[in-house]
Amino acid sequence: MSTQDTSVLHATANYYNNVPYHSNPFPQSHPGLLKGVASLFGIVPKDLNKARVLELGCASGGNLIPLAYFYPEIDLVGVDLSEVQIQEGQALVKELGLDNRVALHQMSITDIPESFGKFDYIVCHGVYSWVPEFVQEGILDIVSKHLVDDGVAYISYNIYPGWKTLEIARDSMLFHTRHITDPAQKIQHARVMINFMQEHAKKDSIYKQIMDNAQRLIHNSADYYVSHEFLEIHNSPCYFLEMVEKAEKHGLAYLSDCSISSVFSENWGDEVRNELLKASGHNQVVLEQYIDYMTNRQFRQSIFMKNTESKKISRSVNLEKIKKLNYSLHVEKETTPRENDPEFSYFCFNRSPNSFYRTQDTALIPYLESLIKLNHKIFKFEEYAQVLEQQLGHKYQEEVALSLLQRLVILGLITPFGDAPQTNAPTTELSEKPKISEFNRLAAKTRNYLVNSNLEMISVDEVAMHIIPAMDGSHDKQALVETLLAAATEDKVFFHRKEPGKEEAVIIKDEEELKTLSANYINDLCNRLQRYSMFVA
């Protein structure tokens with residue numbers, strides 16, 4: 001490595017030490033999802049419970065450590081340039097007693113030794129576009145050298161054309177803050193610049209639309225994200241086709257994007273699909289590049305594999321394949337019709353009101369309602385069929401069930417998934433004595449979020465963090481209420497009330513009112529944790 005290269009890495013390390021990137025879990029990089037998507041296309045990586053996982057740019061292990069609680073034999077290795085974040089992660093690993101299965105190393109990706117061995121899954125989230133070119137080449141080289149033949153690698157990166165307009169925002173923010181060295185002030189002044197540009201852009205112009213989009217994104221983002229996405233030393237988007245070509249030079253082949261719906265031309269309707277297939281010559285990579293242009297896409301989360309194994313790829317999603325997969329699911333039926341479509345029944349997936357399936361077919365609705373009974377589970381088709389047989393009896397039709405799953409997969413509404421958790425399996429029922437995973441109970445001392453087996457995260461307030469350690473399966477809801485009430489009366493947590501004529505909220509001290517508030521809080525917290533699959537069996 002040259003002196004110049006070393007100086008660039010030192011500058012990057014100092015930047016991350018001063019403005020740490022939050023070490024959160026990323027569901028799209030979950031090895032279970034990678035295995036599920038790979039299996040959809042005919043590639044079957046190793047059982048998660050016996051797998052080795054390497055994360056490049058692991059920060060303090062927020063994306064790796066939770067996996068150890070769900071797959072007790074998984075071997076996890078993380079590498080990051082930031083000494084501060086690695087030390088923080090190592091301290092947590094030691095406190096959790098995971099030293100034998102989680103190893104975090106402070107080093108450059110370009111310095112990973114051969115002695116690290118081979119891995120079944122390699123994850124690189126939020127790194128590739130934000131490092132110099134020689135590190136980008138190093139990432140692809142590491143994947144090529146350290147990925148087993150039947151393994152898969154996840155790499156996320158910024159892409160064009162979507163980042164063409166965002167670069168205007170980034171360039172203006174860098175220009176306005178060029179003389180500012182203090183990180184906090186740099187972020188503050190960068191936000192001011194974007195607000196100024198958005199406010200004074202000519203009304204009804206294309207530029208106004210560009211700045212509206214940029215301002216909306218930046219306004220809704222945390223400081224650490226704004227800093228690393230828009231003020232980082234490096235941010236080098238590329239076209240998807242260029243990324244694939246670079247990977248191919250390292251002996252790697254593109255398999256799929258984690259956002260499955262984006263890889264299927266069927267989702268654009270027959271007319272557009274036929275045009276895309278014709279223009280792309282039935283080449284999947286070229287087809288997806290066309291789709292990126294159509295959608296102005298700005299970010300990808302791609303799965304790569306060894307090029308020598310690419311002949312095994314089968315992109316046909318037939319019913320026989322659907323029957324063999326595992327699935328991860330969260331679906332809810334809307335309790336009231338939407339005003340614009342009162343005749344339709346709506347089913348919302350993945351907890352998102354904008355991710356839905358609608359139907360007027362009364363024969364199909366029971367098949368969708370049966371999926372609700374499998375919420376929070378990693379399930380096989382046989383389990384789904386059993387639920388349907390119990391509900392429909394002789395009216396059950398296997399082909400209808402398989403065709404529905406096929407459609408939902410192609411739409412990206414349900415997710416093919418790998419192996420179910422071996423321990424701390426999520427439960428669909430709220431137990432009399434609620435229990436969350438040991439990781440969430442122990443990590444509550446240092447983190448203001450919880451994470452489930454799918455690596456989905458929810459933020460919680462200080463009151464919840466006080467209660468979470470007691471959710472160990474030995475306390476019923478009344479005991480949790482009493483714990484919270486005691487904390488409130490001892491001024492360890494506070495309930496507030498806004499009163500007319502007073503600017504500041506008033507701290508509630510009345511014991512009867514605190515009893516009611518504590519009971520309501522525990523009830524709401526338990527319902528929220530159940531909704532987000534945080535309770536375990």
| field | Of (1) 28.0, 92; (2) 24.5, 85; (3) 24.7, 74, the label for Rg and Dmax of the Cα atoms in Å derived from the coordinates | value | (3)
| task | Could you go through segment 35-47 in sequence order and give the Karplus-derived ³J(HN,Hα) for each residue, using 6.51 cos²θ - 1.76 cosθ + 1.60 with θ = phi - 60°, rounded to whole Hz, and x for Gly and Pro? | result | 5, x, 5, 4, 5, 4, 9, x, 10, 10, x, 5, 3
| task | Could you give the size of the charge dipole of the chain about its Cα centre, using +1 on the Cβ of each K and R and -1 on the Cβ of each D and E, expressed in debye and rounded to the nearest 20? | result | 640 debye
| query | Which whole-Hz couplings ³J(HN,Hα) result when phi for each residue of segment 197-204 is put into the Karplus expression 6.51 cos²θ - 1.76 cosθ + 1.60, θ = phi - 60°, listed in order with x for Gly and Pro? | reply | 5, 5, 5, 9, 5, 4, 4, 6
| message | At 1.4 Å probe size, with the rest of the protein present, what percent of the exposed accessible area of segment 114-213 is carbon and sulfur atoms? | response | 53 percent
| Under unit Cβ charges (Lys, Arg +1; Asp, Glu -1), what dipole magnitude, rounded to 20 debye, does segment 370-487 have relative to its Cα centre? | 140 debye
| Cross-link reach list, lysines versus K164, counting only Cα pairs under 19 Å and skipping chain neighbours closer than eight places | K208
| task | Could you tell me what percent of the DSSP beta bridges with both partners in the chain are antiparallel, to the nearest 5? | result | 60 percent
| Hey, any idea what % of segment 283-374's accessible area is carbon plus sulfur with a 1.4 Å probe? | 49 percent
| For segment 256-372, with the dipole built from +1 on Lys and Arg beta-carbon atoms and -1 on Asp and Glu ones, taken about the Cα centre, which of N350, V286, L276 lies farthest toward the positive end? | V286
| Which distance in Å, rounded to a whole number, links the C-alpha centroids of segment 90-145 and segment 335-372? | 42 Å
| request: Take the alpha-carbon centre of segment 238-288, take the same for segment 159-225, and report the distance between them in whole Å. | output: 30 Å
| note | Placing +1 on each Lys and Arg Cβ and -1 on each Asp and Glu Cβ in segment 386-458, then taking the dipole about the Cα centre, the residue among P416, H394, I458 whose Cα reaches farthest towards the positive end is I458
| query | Just going by the charge dipole of segment 168-234, with Lys and Arg at +1 and Asp and Glu at -1 on Cβ, which of A201, L231, I218 is farthest out on the positive end? | reply | A201
| field | Cα-centred dipole magnitude for segment 107-208, charges only on beta-carbon of K, R (+1) and D, E (-1), debye, nearest 20 | value | 780 debye
| request: Go through 461-470, 486-495, 56-65 and give me the packing order, highest mean Cβ count within 10 Å leading. | output: 56-65, 461-470, 486-495
| field | Accessible surface, per residue, of segment 310-415 when the full set of protein chains is kept, probe 1.4 Å, Å² | value | 53 Å²
| Other-chain or far-sequence residues with amide H under 5 Å of L104's (modelled H) | G78
| K433 accessible area, 1.4 Å probe, all protein chains in place, Å² to nearest 10 | 100 Å²
| Extent of segment 56-96 along each principal axis, from alpha carbon coordinates, in Å, largest to smallest? | 27, 22, 12
| Residue-by-residue Karplus 3J(HN,Hα) for segment 163-174, coefficients 6.51, -1.76, 1.60, Hz, glycine and proline x | 7, 4, 6, 5, 5, 4, 5, 4, 4, 5, 5, 5
| How long is the gain from N274 to Q478 if the chain were fully straight, where each residue apart is worth 0.36 nm and the alpha carbon distance is subtracted? | 67.4 nm
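The values are calculated or read from the model by the stated rules, or taken from the named source; none is laboratory data. The model shown is predicted, which means the values in this text are computed figures rather than measured ones. Here Cβ is always computed from backbone atoms with ideal geometry, including for glycine, and neighbour counts include all displayed protein chains. Accessible surface is based on the protein model in full, side chains and every heavy atom, while ligands, DNA and RNA are left aside. Shrake-Rupley method; radii C 1.70, N 1.55, O 1.52, S 1.80 Å.
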